[in-house]
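Below: one structure, written as structure tokens.
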Amino acid sequence: MTNCLFVVNNLWTKCSVPQLKRWLLTWVPVLSWLPRYSIREDGLGDLIAGISVGIMHLPQGMAYALLASVPPVYGLYTSFYPVLIYFIFGTSRHVSIGTFAVISMMIGSVTERLAPDAHFLGQTFPLFYSQVVLGMMRFGFVGTYLSEPLVRGYTTGAAAHVVISQLKYLFGVSPQRHNGPLELIYTLVDVCALLPQTSVPTLVISVVSLAVLILVKEINSIYSRKLPLPIPIELLVIIAATLTSYYIHLGDIHQVQVVGEIPSGLLPPAMPDRGLFSSLVGDAFAVAVVSYAISISLGKTFALKYGYKVDNNQELVALGLSNTVGGFFHCYSVTSSMSRSLVQESTGGKTQMAGAISAVIVLITVLKLGALFEELPKAVLSTIVFVNLKGMFKQCADLPLLWKTNRVDLLVWVVTFACTLLLNLDVGLAVSVTFSLLTVILRTQRPKYYVLGWLPGTELYVDAQTYAEAKEILGITIFRCSSFLYHANAELYRQALEEKSGINVNKLLKHKRKRIAKEKRENAMVVIPTNQPAFSVNKETEFARQCGSDPCTDSASVGQSECVANGNVNWGFQDEEDTCATSTRIHMSSQSSTHSVILDLSTVGFVDTVTLKMLKNIVRDFGEVDVAVYLAGCQGE
């Protein structure tokens, strides 16, 4: 009865009102920061930033929808519903959630392979239900396995896929769809073969749009500090192109591909097609991990700059809920956009309120202005995609820096880029992550080993080989490994210890066994009778000197002399070499001046069973050759 009362009391304590409040504030961050929101301090900046980002959402949403192989209006939906969900559950104050080129491209490859547009909703639910589950299980750390070189190499390779996929809109051609490895190469070959069929009006629109976009974006970049707001050139180009297309009938007369019908208002929610769930498991995991890695890395960048904390697990939950709820409302995958996030920051955005304001701008457009963009040429949307990929291709500048700093990271970048370029986006990601983890394993197998020396005048012990001033303690070897120890590098640790200390345990043990065997043979020699005259001490001393040992200082020789004097050994059955070896005791430590070894384990955070056995064997084997082993700096688990 007492135990039952204790359990009930414990549950009541955990389910108390303060605990429930703490739980709500953790899982629904808007309840934490919104009551403290200051309109006077943050309102104006968030308003300007929200309007600016909302204007950017319009062209980017429609343009990136083409990458996802869905109608452009779906891009507007994706810029509305998920943004509102992130406003409630997100923890980053400066990131702009919405469409993104790389993620849209990954979704597009799945859409073209598995789901026609009518059943597109089947993708979204399994894709991001997994994010919610992983976030609630506190699996936010999985993003750490995607290193920065891997993410940057992957996004650069994905940007190349985006460029190739948009060539058909720039030239107005219709190449065959390809899936699987080398699809990028096959698509590029098809586009080149179709160049004679290029639509001249489409090409002119593409060239003019590209020129204007590049020119004005450079002006925005050069005069960013002088301009109160960046020139919304993307929106201006869309408006100009739509008006031009409408008045000269580019779609009807000149056969230029246009956006087409855009439904007025918001579509009702629909249930995803569960029949596609089993076919989307691999793609779901790939998109979920990449979108989370991009978002959390960007969020932490701003958090570090402005001194607040971004919760890894809560970000995973927020992204998962944004995508899962959005999946019922004709949305596809979202993540953070660097271009929109930078605009949100530079225009004064300070909280998640800026994201909510941008969603309102998108909502107004969808409800009242959507039909006005039906005559917009798709080539203009493709040029917007092209120009916004500039930042990703600038990541190639990482290569010279990585060459100078860390060539293993350089190898990860190059391999990831090559795999992404030549394979599918999902397969390329899997191969890249595997290769990256393999480099980590290999680096832990080949750590650096040091013999430490004392730095005079201090209490520091440093690498004696690196620091010439460091002095090793006579007779003592202090050994350190730069990495943790586990089964993959345990044997290498022992080999490095013997090499650095100069103690070849196997060789010394071999000498010891030979000595013991020889002593056993000597003990089995014939004992001479007691009436046999013994050698004199003087004669024995002279004989010992012939063998190269000093009877005055060699205790072994003196002990042997006593044995001879007592007549216990028949010298007549031994030659001079055997007699000399027998008369001098062989000490195992005579081949090395080291009598003690200290293993510095301060860098070892944990050990497995293999490492534990290895350490026990080191203590045992070194002890057999008269070398004491001590463990220092052991970390408690």
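General observations
- Gly502 vs. criteria in contact (Cβ under 8 Å) with a residue 60 or more places away in the chain and out of contact with any helix residue (DSSP H, G or I) (no Cβ under 8 Å at 6 or more places or on another chain): yes
- Any hit, region 334-355, residues being assigned to a helix (DSSP H, G or I), in the same structural domain as Leu227 (by TED's automatic domain parsing) and acidic (Asp, Glu): yes
- Residue identified as at pLDDT below 90, assigned to a helix (DSSP H, G or I) and among the polar types (S, T, N, Q) among Thr439, Thr434, Thr444, Thr416: Thr444
- Restricting attention to region 351-407, the residues being without any contact (Cβ under 8 Å) to a residue 40 or more places away in the chain and of a type outside the set (D, E, K, R) number 9.
- Thr466 satisfies every condition listed in (1) in contact with a strand residue (DSSP E or B) (Cβ under 9 Å, 6 or more places away or on another chain); (2) modelled with pLDDT of 90 or more except (2).
- Residue count for region 78-99 satisfying the condition of being closer than 18 Å to Gly320 by Cβ and in contact with a Phe, Trp or Tyr (Cβ under 7 Å, 6 or more places away or on another chain): 6.
- Members of region 80-90 that are more than 23 Å from Met62 (Cα to Cα) and crowded, with 24+ Cβ neighbours inside 10 Å: Gly90
- Qualifying residue in region 149-164 (condition: in a helix (DSSP H, G or I), within 23 Å of Ala379 (Cα to Cα), out of contact with any strand residue (DSSP E or B) (no Cβ under 9 Å at 6 or more places or on another chain) and free of Cβ contacts under 8 Å to residues at least 60 places away in the same chain): yes
- Residue among Thr416, Thr434 that is among the hydroxyl-bearing types (Ser, Thr, Tyr), in contact with a helix residue (DSSP H, G or I) (Cβ under 6 Å, 6 or more places away or on another chain) and either surrounded by 13 or more Cβ atoms within 10 Å (Cβ to Cβ) or closer than 30 Å to Val189 by Cβ (or both): Thr416
- Filter pass, Leu195 being in the same structural domain as Leu372 (by TED's automatic domain parsing) and at pLDDT below 85: no
- Considering residues of region 272-321 that are surrounded by fewer than 19 Cβ atoms within 10 Å (Cβ to Cβ) and of a type in the set (Val, Ile, Thr) only, the residue nearest to Tyr332 (Cα to Cα): Val281
- Qualifying helices (runs of 4 or more DSSP H) (wholly inside region 14-85; at least 1 residues being under 20 Å from Thr347 (Cα atoms), of a type in the set (Asp, Glu) and in contact (Cβ under 8 Å) with a residue 24 or more places away in the chain): 44-67
- Selected residue (only one of Tyr467, Tyr486 is aromatic (Phe, Trp, Tyr), assigned to a loop (DSSP other than H, G, I, E, B), over 31 Å from the mean Cα position of the chain (by Cα) and farther than 20 Å from Thr594 by Cα): Tyr467
- Look at region 227-253: where a residue is over 12 Å from Met56 (Cα atoms) and a partner is assigned to a loop (DSSP other than H, G, I, E, B) and of a type in the set (Asp, Glu), sitting 6+ places away or on another chain with Cβ atoms under 8 Å, you get Thr242/Glu375; Ser245/Glu375; Tyr246/Glu375; Leu250/Glu375; Gly251/Glu375.
- For Val256: the one exception among (1) buried (at least 16 other Cβ atoms within 10 Å of the Cβ); (2) at pLDDT below 85: (2)
- Taken together, Ser279, Ser297 contain a single residue that is closer than 28 Å to Ser32 by Cβ and in the same structural domain as Phe373 (by TED's automatic domain parsing), which is Ser297.
- Residue in region 302-316 that is in a loop (DSSP other than H, G, I, E, B) and of a type in the set (Gly, Ala, Ser) present: yes
- Only one entry in Leu210, Leu227, Leu266 is assigned by TED's automatic domain parsing to the domain that holds His57 and touching a Phe, Trp or Tyr at 6+ places or on another chain (Cβ under 7 Å), namely Leu210.
- Residue in region 329-352 that is more than 30 Å from Glu41 (Cα to Cα), in contact with a Pro (Cβ under 6 Å, 6 or more places away or on another chain) and modelled with pLDDT under 85 present: no
- The residues in region 317-331 that are part of a helix (DSSP H, G or I) and of a type in the set (A, V, I, L, M, F, W, C) can be counted, and the count is 5.
- Residue in region 219-228 that is at pLDDT 90 or above, closer than 22 Å to Pro72 by Cβ and part of a helix (DSSP H, G or I) present: no
The values are calculated or read from the model by the stated rules, or taken from the named source; none is laboratory data. Here the structure is a predicted model, which is why all the values come from computation and not from measurement. Reconstructed Cβ throughout: ideal geometry from the backbone, glycine too, with neighbour counts over all protein chains shown.
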